[in-house]
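Asks: Provided herewith is a single structure, encoded as structure tokens, for subsequent inquiry.
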Amino acid sequence: MRNLLLQGLLQSALTETPPAADDAALAELAKSVDRAARRRLGRSLSIREVDAGSCNGCELEIHALGNAFYDLERFGLRFVASPRHADVLMVTGPVTKNMRQALERTYAATPDPKWVVAVGDCAFDGGLFAGSYAVAGGVSAIVPVDLHIRGCPPNPTALLKGLLALLEKTA
Amino acid sequence: MTFVAALEDKGRHVAGHRPWPRIVVDTDTWRQAVLGIAAGQATLLGLWSDGEAVHLCLSGETSGKLLVISLPCPDKRFPSVAQTHPPALRLERTIRDLYGIEPEGCPDARRWLDHGRWGLRHPLGAAEAAEPAGDTYAFHTAEGPPLHQIPVGPVHAGIIEPGHFRFHANGETVVRLEERLGYVHKGIDHLMAGAPRDRAAKLAGRTSGDSTVAYALGFAQAVEAALDLAPSARAVWLRALMAELERLANHFGDIGAICNDASFSLMHAHCSILREHVLRVSETCFGHRLMMDRIVPGGVATDLSKDGIAAIRTLIRTARRRFPRLVELYDNTASLQNRTVTTGILKPDLARQYGAGGVIGRASGRSWDARKLPGYAPYTSMVFDIPRRDQGDVDARVWIRIEEVRQSLTLIDQILDRTPEGSILTEAGAASRGKGEGLALVEGFRGDILVWVRLNANGTIARCHLRDPSWLQWPLLEAAIEGNIVADFPICNKSFNCSYSGHDL
């Protein structure tokens with residue numbers, strides 16, 4: 001273990017330079033983020049991830065945000081265990097009818113001010129699963145969405161660009 | 001004559017079902033088959049319906065020969081399998097939910113995937129409107145003065161999929177765990193019916209995103225069997241390459257995540273780096289980090305370039321240099337071993353009864369791997385070992401993953417050396433006309449995925465059933481956690497790493 005820790009100190013960091021905030025995301029967010037909220041939150045946002053029906057592909061890439069290359073926490077962004085602690089709900093998947101109530105309750109449990117980020121093509125409009133008897137639709141069919149990050153799944157860089165846009169607008 | 005071979009003579013063979021036979025049987029033969037499975041003469045691989053009949057896939061434990069037996073259900077009922085063989089329970093509750101076909105004598109009357117929120121009952125059978133108010137669910141109980149219940153989910157604390165766990169605990173000790181799943185049911189069977197093949201392939205690849213390559217491979221093999229189409233020789237090898245990259249990425253991720261659940265984040269950090277390397281190389285080679293939609297019936301959609309080969313060689317070298325240090329770290333950290341050794345033991349008897357595949361089965365005494373048995377190209381011509389352990393604890397499941405990483409690295413070496421040149425796609429062309437049925441069993445990182453497909457005359461999908469390995473693994477988690485402390489549930493759960501989406505369909 002000592003060797004590994006020592007190497008960690010001696011090697012240069014793997015962490016990459018952050019990408020620029022996504023322009024489209026900035027435009028979408030301009031509508032929903034006001035100045036008062038920005039003052040209140042400073043440069044820090046707590047994110048609660050909710051899988052509302054995804055295939056788990058989006059979860060894999062959201063997980064990757066925490067690895068040494070993307071290191072999400074350096075931006076003041078972190079994932080929290082409860083919606084009660086969250087400023088942002090990050091929702092994946094077409095919202096299944098079996099998850100609809102759980103998503104509504106999670107949204108209700110998140111204190112204001114709050115933002116909803118819908119991640120992935122399914123979260124946008126149901127994606128491939130739209131039209132199924134078991135699917136309620138995209139996330140915006142259930143709760144108001146402030147930002148969509150598209151992709152199947154969006155890669156970590158795309159996720160970072162979207163989240164940095166959110167940070168720019170809120171902080 | 002083996003049990004499965006003898007059974008094969010007792011029914012009417014269905015023409016055009018490949019590569020293994022499907023026979024239509026009467027109720028007596030159905031019961032005989034179930035008794036044989038319950039007695040351990042064969043393993044249950046799947047149980048599903050197409051609305052007209054119920055189909056049961058079984059295999060001999062040593063022969064690797066698969067057989068599908070079908071029982072027509074004109075009056076919407078069939079003799080329960082779970083009554084005699086409990087592993088079938090959730091599968092047949094699902095048949096009842098989706099098709100309204102009643103498993104007579106089924107020991108559990110509760111709905112499974114149907115939570116009473118779809119606005120209709122039996123969506124794939126004679127659908128009838130129903131108020132989407134949500135059903136109450138009567139969890140099994142454990143009673144006594146010191147016991148208390150802990151409800152967990154469907155929304156969990158981590159970045160994971162949704163499901164509900166109901167614990168009955170005596171202080172810290174779990175007395176009973178019951179799972180309630182189905183939250184991410186998307187209606188994949190329904191969306192498959194009538195879908196064109198390209199759309200169906202995408203759906204199959206999104207049944208469980210972490211196994212997208214394995215699902216796409218299983219789907220492609222099943223469709224090729226139905227069409228009696230041979231995929232391009234080069235593609236067969238490239239598919240195996242993708243499958244092994246997927247296995248590597250997931251095993252690296254899981255080994256790290258299991259250690260993370262024991263609060264040993266150093267392993268997690270290093271394993272995540274290796275995982276990220278694999279995903280980046282996958283993108284370089286095939287244009288997508290998870291390699292979604294790269295395997296299609298007939299071959300593959302993306303060829304491997306010279307740059308790609310170089311990138312993979314570098315990846316293999318890096319992994320061979322770094323991974324052994326991490327293995328050593330795992331092996332020599334007593335505080336970590338303290339959490340994994342003797343935790344969450346799955347007994348070999350149960351693993352065998354449930355036909356548990358993948359890491360879970362191989363950590364509990366089963367040497368079963370679909371790449372070897374029944375086996376499929378190109379694995380049949382490659383040299384690799386199937387690791388096995390008998391302890392059945394979290395530690396054994398970590399070590400199986402470690403061994404499988406080593407095997408995958410060896411396999412990738414062989415694939416790079418032996419992949420032939422040539423086209424990457426065999427067009428279905430004229431072969432795409434004509435009905436057919438295909439079956440495939442492929443080994444994903446989680447275990448064996450069963451895919452059954454029936455094609456329409458115009459080449460579209462009539463029915464497709466995808467059975468995730470998790471169907472037969474989730475129930476075993478309930479058994480493995482018994483007597484462990486509540487705080488060890490996350491590490492046990494992660495060591496199983498069953499799919500919610502793959503199970504919920």
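The values are calculated or read from the model by the stated rules, or taken from the named source; none is laboratory data. What you see is a predicted model; the values in this text were computed from it and never measured. So basically every Cβ, Gly included, is an ideal-geometry build from the backbone, and we count neighbours across all protein chains shown. Surface accessibility is based on the protein's heavy atoms, side chains included, excluding ligands, DNA and RNA. Shrake-Rupley method; radii C 1.70, N 1.55, O 1.52, S 1.80 Å.
Asks: When segment B:111-126 is examined, which residues are found to be open to solvent by 10 Å² or more (accessible area, probe 1.4 Å) and under 21 Å from residue B:77 (Cβ atoms)?
Replies: B:111, B:120, B:121, B:122, B:123, B:124, B:125, B:126
Asks: Ok, one more. Can residue B:109 be described as closer than 23 Å to residue B:91 by Cβ and modelled with pLDDT under 95?
Replies: Values: closer than 23 Å to residue B:91 by Cβ: yes; modelled with pLDDT under 95: no.
Here the answer is no, as residue B:109 does not meet what is asked.
Asks: Please work out which residue is surrounded by the fewest Cβ atoms within 10 Å (Cβ to Cβ), limiting yourself to segment B:216-240 and to residues that are closer than 17 Å to residue B:369 by Cα and of a type in the set (A, V, I, L, M, F, W, C).
Replies: B:240
Asks: Additional query: Before we move on, is residue A:127 on the phi > 0 side of the Ramachandran plot, of a type outside the set (Phe, Trp, Tyr) and either buried (at least 24 other Cβ atoms within 10 Å of the Cβ) or in contact (Cβ under 8 Å) with a residue 12 or more places away in the chain (or both)?
Replies: Against the criterion (on the phi > 0 side of the Ramachandran plot, of a type outside the set (Phe, Trp, Tyr) and either buried (at least 24 other Cβ atoms within 10 Å of the Cβ) or in contact (Cβ under 8 Å) with a residue 12 or more places away in the chain (or both)), residue A:127 qualifies.
Asks: Take segment A:91-124 and flag every residue that is within 19 Å of residue B:152 (Cβ to Cβ), of a type in the set (A, V, I, L, M) and crowded, with 24+ Cβ neighbours inside 10 Å.
Replies: A:99, A:103
Asks: Oh, and also: In segment B:280-293, what residues are surrounded by 24 or more Cβ atoms within 10 Å (Cβ to Cβ) and either more than 9 Å from every other protein chain (Cβ to nearest Cβ) or free of Cβ contacts under 8 Å to residues at least 60 places away in the same chain (or both)? Steps first, please.
Replies: As a first pass, look at segment B:280-293 and keep what is surrounded by 24 or more Cβ atoms within 10 Å (Cβ to Cβ): B:282, B:285-286, B:290-291.
If the condition is that a residue be surrounded by 24 or more Cβ atoms within 10 Å (Cβ to Cβ) and either more than 9 Å from every other protein chain (Cβ to nearest Cβ) or free of Cβ contacts under 8 Å to residues at least 60 places away in the same chain (or both), then B:282, B:285, B:286, B:291 are the ones that fit.
Asks: Please specify each residue of segment B:347-381 satisfying the condition of being over 18 Å from the mean Cα position of the chain (by Cα), touching a residue at least 40 places away in the same chain (Cβ under 8 Å) and open to solvent by less than 40 Å² (accessible area, probe 1.4 Å).
Replies: Here is the first cut: in segment B:347-381, the ones over 18 Å from the mean Cα position of the chain (by Cα) are B:347-349, B:365, B:377-381.
Remaining after also requiring touching a residue at least 40 places away in the same chain (Cβ under 8 Å): B:347-348, B:377-379.
B:378, B:379 - these are the residues of segment B:347-381 that are over 18 Å from the mean Cα position of the chain (by Cα), touching a residue at least 40 places away in the same chain (Cβ under 8 Å) and open to solvent by less than 40 Å² (accessible area, probe 1.4 Å).
Asks: Follow-up question, since we're still on this one. Does residue B:186 meet the test of being within 14 Å of chain A (Cβ to nearest Cβ), touching a residue at least 12 places away in the same chain (Cβ under 8 Å) and open to solvent by 10 Å² or more (accessible area, probe 1.4 Å)?
Replies: On the way: within 14 Å of chain A (Cβ to nearest Cβ): yes; touching a residue at least 12 places away in the same chain (Cβ under 8 Å): yes; open to solvent by 10 Å² or more (accessible area, probe 1.4 Å): no.
Criteria not met by residue B:186.
Asks: Continuing with this model, one more query. Would you be able to say whether some residue in segment B:129-149 is crowded, with 24+ Cβ neighbours inside 10 Å, outside the structural domain of residue B:54 (by TED's automatic domain parsing) and not in a helix (DSSP H, G or I)? Outline the logic, then answer.
Replies: Step one: filter segment B:129-149 for residues crowded, with 24+ Cβ neighbours inside 10 Å, giving none.
No, segment B:129-149 contains no residue that is crowded, with 24+ Cβ neighbours inside 10 Å, outside the structural domain of residue B:54 (by TED's automatic domain parsing) and not in a helix (DSSP H, G or I).
Asks: Does residue A:88 count as in contact with a strand residue (DSSP E or B) (Cβ under 8 Å, 6 or more places away or on another chain), aliphatic (A, V, I, L, M), open to solvent by less than 20 Å² (accessible area, probe 1.4 Å) and more than 28 Å from residue B:446 (Cβ to Cβ)? Full working, then the answer.
Replies: Values: in contact with a strand residue (DSSP E or B) (Cβ under 8 Å, 6 or more places away or on another chain): yes; aliphatic (A, V, I, L, M): yes; open to solvent by less than 20 Å² (accessible area, probe 1.4 Å): yes; more than 28 Å from residue B:446 (Cβ to Cβ): yes.
Here the answer is yes, as residue A:88 does meet what is asked.
Asks: Do any strands (runs of 3 or more DSSP E) lying entirely in segment B:1-59 carry at least 3 residues that are within 22 Å of residue B:472 (Cβ to Cβ), and which ones are they? Quick ask: steps written out before the conclusion?
Replies: Details: elements: B:22-24, B:43-49, B:53-59.
Of the strands (runs of 3 or more DSSP E) lying wholly inside segment B:1-59, those with at least 3 residues that are within 22 Å of residue B:472 (Cβ to Cβ) span B:43-49, B:53-59.
Asks: Sticking with this structure for a sec: Looking only at segment A:59-78, how many residues end up being part of a helix (DSSP H, G or I), within 11 Å of another protein chain (Cβ to nearest Cβ) and either touching a helix residue (DSSP H, G or I) at 6+ places or on another chain (Cβ under 6 Å) or open to solvent by 20 Å² or more (accessible area, probe 1.4 Å) (or both)?
Replies: Going through segment A:59-78 one residue at a time, the tally reaches 4.
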